[in-house]
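Where a number appears in this text, it was derived from the coordinates with a stated rule and is not lab data. Just so it is clear, the model here is predicted, and its values are computed rather than measured. Positions of Cβ are generated from backbone atoms using ideal geometry, with glycine treated the same way; all protein chains shown enter the neighbour counts.
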There are 2 protein chains.
Amino acid sequence: MLGEIIAVGDELTSGRIVNSTSYFAASHLFAAGHKIAHMATVGDEAGKIGTALLLALGRADFVVVTGGLGSTSDDITVEAVAEALDRPQTFYPEIFAKIKECKAFAKMPSMEKMAWLPSGAEVLKPGEKMAGFMLRYEEKPIFFLPGVPNQMRELMLDRVLPRLATWKGSSLSLVRQQIYKVFGLGEAEINTLLAPLEEQGDAVRIGYYPMADEVHVSLTVRGETSREAEALFLSNEEKVRAALVEGLYGEGADTMASVTGALLSKAKLRLGLAESCTGGLMAHEITGVAGSSDYFTGSVVAYANEVKEGVLGVQQQTLVDHGAVSEETAREMARGARKVLGADLAVSITGIAGPTGGTAEKPVGTVCFSLVTPDSQQEYTFHFSGKRPLVQAKAATMGLDLVRRYLLEHG
Amino acid sequence: MLGEIIAVGDELTSGRIVNSTSYFAASHLFAAGHKIAHMATVGDEAGKIGTALLLALGRADFVVVTGGLGSTSDDITVEAVAEALDRPQTFYPEIFAKIKECKAFAKMPSMEKMAWLPSGAEVLKPGEKMAGFMLRYEEKPIFFLPGVPNQMRELMLDRVLPRLATWKGSSLSLVRQQIYKVFGLGEAEINTLLAPLEEQGDAVRIGYYPMADEVHVSLTVRGETSREAEALFLSNEEKVRAALVEGLYGEGADTMASVTGALLSKAKLRLGLAESCTGGLMAHEITGVAGSSDYFTGSVVAYANEVKEGVLGVQQQTLVDHGAVSEETAREMARGARKVLGADLAVSITGIAGPTGGTAEKPVGTVCFSLVTPDSQQEYTFHFSGKRPLVQAKAATMGLDLVRRYLLEHG
């Protein structure tokens with residue numbers, strides 16, 4: 001279907017934040033087979049919002065509007081739409097009941113505002129305390145989503161895309177899509193590996209989405225029947241796997257931490273960490289997965305050398321002879337972590353995240369790792385490009401990837 | 001002046017890349033005192049580009065268009081504009097001469113295309129091999145910039161902003177803006193506190209931007225002269241501070257971690273952590289600040305109870321009697337961290353991040369903290385709402401805030 005996206009907010013027109021919600025909507029709508037010819041961003045002014053919406057409805061089959069659904073005085077999307085489409089605001093008692101459950105409600109009577117929607121609005125997640133609704137206008141759906149990125153994304157994936165996929169009048173052929181997650185290969189490298197798949201015409205589309213430290217690849221397949229789509233999807237998925245091999249660590253909602261955690265769980269092994277330059281990020285990624293206490297014992301974030309010595313038992317002489325960023329220090333850190341944390345496997349990370357601390361011999365981005373297991377120990381040194389947060393992110397993901405690759409071989 | 005921004009490119013409407021050029025243009029135009037009421041993104045279709053431009057010219061005093069100026073077949077901005085504004089394409093021999101100097105020219109005869117511009121075009125950097133020109137339409141300037149971010153940014157700063165600043169008929173009022181960062185107060189609560197400031201008309205605008213675990217507030221002030229804008233800004237800033245008190249932790253580029261770090265640095269105190277449910281996030285936030293090794297010694301991420309006992313010295317009896325999530329356990333964790341990490345201050349965090357592990361007495365979101373200092377120790381219990389990542393984020397920020405508030409009182 002032909003769609004348009006409208007983002008609302010002075011924070012966008014004043015360039016205070018980058019418009020990530022329209023980008024998210026466009027990429028997923030495109031991947032699902034829709035076409036977006038026009039995207040608009042307007043400030044918090046009712047007239048502008050209404051005009052933009054009417055223009056979009058005149059051109060497109062559906063519209064996604066983000067932002068301006070909150071309870072503060074600058075949230076005026078509902079008011080603007082009620083006026084522009086002549087759908088007077090109506091009180092939704094069931095929304096009000098949900099809002100009243102919030103502890104914050106007593107302090108903030110303005111929250112009642114969120115229970116007033118344009119007449120005819122269908123709430124997208126009625127059971128949850130989340131703004132977001134749909135209106136029909138001349139049989140065209142208009143989706144109103146919060147501007148808060150994580151809520152917007154959740155509603156986009158759980159509600160907007162499924163509703164559009166089955167919308168009557170949709171001339172969409174059946175679509176099957178999967179996201180593949182790749183670590184350790186660059187976008188251009190992946191592009192080269194998958195180039196042959198792009199020569200199948202419109203029925204098969206490959207998308208490349210570079211993230212901070214990894215690349216997500218989308219495979220979108222269309223067919224006239226679900227059987228046709230499924231068959232074409234399976235043959236292409238096989239080709240993707242064959243091309244990316246071990247660089248492909250997961251798909252869909254997988255993260256490097258969830259995939260590595262599942263392998264640890266399956267092998268019944270417990271992991272411990274000794275982190276210096278990542279400062280706890282690898283531990284945080286692991287513990288972001290619910291149930292990680294089954295296979296993760298803990299991490300010693302040994303930022304100061306005294307902690308490397310006192311808690312992890314690194315020899316002072318090792319630090320003097322080789323420096324804190326060295327495979328020798330990494331080796332002793334990993335051994336120490338395995339012992340004091342009561343773990344089966346341990347990973348250590350010590351490096352120079354920058355912006356300062358680099359030398360000619362060990363420039364910013366140099367990171368040493370050690371992986372110790374019940375019957376082996378191996379050190380690694382990598383050079384990561386980018387600024388401090390990116391070096392930390394790449395190092396943490398690499399630490400997980402070392403465990404993942406070890407378990408794939410030995411698990 | 002009132003401006004509009006149009007970004008051209010299928011890579012934007014298909015969500016392949018995030019639109020960073022419009023964001024860059026908006027933030028710099030806003031800071032220079034211009035107002036952007038509308039931004040558009042259109043795909044590589046001549047009709048759409050022309051329509052978007054004519055619409056923008058009907059509403060605004062100037063327009064910035066980015067993208068579609070290259071030599072490939074999908075670069076059609078010049079063609080679209082020549083048609084829409086009736087400015088037939090004209091051959092620019094001086095541009096052609098520059099292009100022929102390029103080594104790549106022999107291989108790509110299509111580059112000649114870049115020497116054809118709409119009649120009346122003024123090249124923005126005539127001496128350089130860079131696309132980018134200006135057209136006048138009814139005395140309104142239209143700037144056409146390449147979509148390549150670094151070229152676009154260079155022309156924006158070196159050409160567009162200076163030309164607009166001296167454009168005749170410019171009735172620019174001067175703008176002063178600041179961002180205030182708030183923790184511990186909700187968006188609606190802040191809105192209530194700052195409501196009186198919103199009653200000053202167009203000269204003073206307040207924006208509310210809820211982030212995961214905090215709220216950013218923008219104060220934007222306009223005046224006819226810089227002196228007027230400055231005076232109005234200072235009186236309003238004072239009111240913002242008076243209203244938000246200690247909930248206001250920083251401004252501009254400050255983060256909770258950078259503000260707390262600066263206070264630790266000033267007090268010459270070193271911090272250590274014992275983290276359970278945050279899994280290293282608080283340490284990661286602290287070490288995200290360059291130079292944090294001056295005041296941060298490390299963290300023991302004690303996910304397993306064995307680590308709480310073995311590394312931090314929590315008594316087994318305490319865990320049995322009160323549970324891992326208790327003020328008693330938090331107290332012993334903080335003491336142990338202070339000792340083994342050689343720190344002056346230590347914070348411990350132990351809680352139930354969810355989704356499982358909650359009980360009637362200690363529901364998901366219950367988090368216990370302890371802050372131990374050279375001469376005091378205090379425990380706290382908070383209940384955070386939201387899903388696992390949000391509970392973790394709120395707990396980590398709260399841990400930092402406890403240190404910040406202690407140092408404000410005792411530093």
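Observations on the structure shown:
- Loop trypsin sites (Lys or Arg not before Pro), region B:33-127 (other Cβ atoms within 10 Å of the site Cβ: 16 or fewer; DSSP): B:Lys107
- Highest-MSF residue in chain A out of A:Ser370, A:Ser348, A:Ser385 [GNM, Cα springs under 10 Å]: A:Ser385
- Counting Cβ atoms of other protein chains within 10 Å of each Cβ in A:290-298 and taking the mean gives 6.
- Kirkwood radius, region B:2-165, all distinct C-alpha pairs, inverse of mean reciprocal distance: 15.8 Å.
- Counted over the protein assembly as shown, the DSSP beta bridges are approximately 65% antiparallel.
- Taken about its Cα centre, region A:2-165 carries a charge dipole of about 380 debye when Lys and Arg each add +1 at the Cβ and Asp and Glu each add -1 at the Cβ.
- Among B:Val289, B:Gly323, B:Leu273 the positive-end extreme of the charge dipole of region B:258-410 (Cβ point charges): B:Val289
- Distance between region A:132-166 and region B:356-390 - C-alpha centres, whole angstrom: 35
- Within chain B, DSSP assigns beta bridges of which about 60% are antiparallel (rounded to the nearest 5).
- Amide H contacts for B:Val364 (H built 1.01 Å from N in the peptide plane; partners 5 or more residues away or on another chain; cut-off under 5 Å): B:Gly358, B:Thr359.
- Kyte-Doolittle mean at least 0.5, axial Cα span of 18 Å or more - DSSP H helices of chain A: A:46-59
- Separation of the alpha carbons by more than 19 angstrom is noted, of A:Lys48/A:Lys129; B:Lys48/B:Lys125; A:Lys103/B:Lys362; A:Lys35/A:Lys168; B:Lys35/B:Lys168; A:Lys268/B:Lys387, for A:Lys48/A:Lys129; B:Lys48/B:Lys125; A:Lys268/B:Lys387.
- Gaussian network model of chain A, springs between alpha carbon atoms under 10 Å - residue of A:His38, A:His216, A:His28 with greatest fluctuation: A:His38
- Förster radius 60 Å - calculated FRET efficiency between B:Ala267 and A:Gln178, Cβ distance, rounded to 0.05: 0.70
- Once backbone amide H atoms are built at 1.01 Å from N, B:Glu251 has B:Lys181 as its partners under 5 Å, excluding neighbours fewer than 5 places away on the same chain.
- Here B:Lys100 is the anchor, and the aspartates and glutamates within straight C-alpha reach of less than 12 Å, apart from those fewer than 8 places off in the same chain, are B:Glu112.
- Separation in nanometres of the label points that stand 7 Å from Cα toward Cβ, at B:Val245 and B:Lys387: 3.5
- Antiparallel bridges, percent of DSSP beta bridges restricted to region A:267-410 (to nearest 5): 60
- Distance between modelled label sites at A:Arg405 and B:Leu157, nm, 7 Å Cα→Cβ extension: 3.9
- When each of the peptides B:328-339, A:73-84 is scored by how many other beta carbons lie within 10 Å of its residues on average, the order from highest to lowest is B:328-339, A:73-84.
- Per-selection Rg to Rh, region A:267-410 - Cα, Kirkwood hydrodynamic radius: 0.95
- For A:Val289, A:Val123, A:Val403, the sequence from fewest to most other C-beta atoms within 10 Å is A:Val123, A:Val289, A:Val403.
- Whole-angstrom gap from region A:312-333 to region A:222-260, using each part's C-alpha centre: 42
- Lysines whose Cα lies under 16 Å from that of B:Lys308, excluding same-chain neighbours fewer than 8 positions away: A:Lys339, B:Lys339
- Peptide B:178-188 has a mean of 3 when you count, residue by residue, the C-beta atoms of other protein chains within 10 Å of its C-beta.
- The Rg/Rh ratio of the protein assembly as shown, with Rg taken over Cα atoms and Rh as the Kirkwood radius over Cα pairs, comes to 0.98.
- Selected from B:His322, B:His34, B:His383 as most flexible by GNM, with chain B as the system and alpha-carbon contacts under 10 Å: B:His322
- Inter-chain Cβ neighbour count for A:346-357, averaged per residue, equals 1 (cutoff 10 Å, partner chain atoms only).
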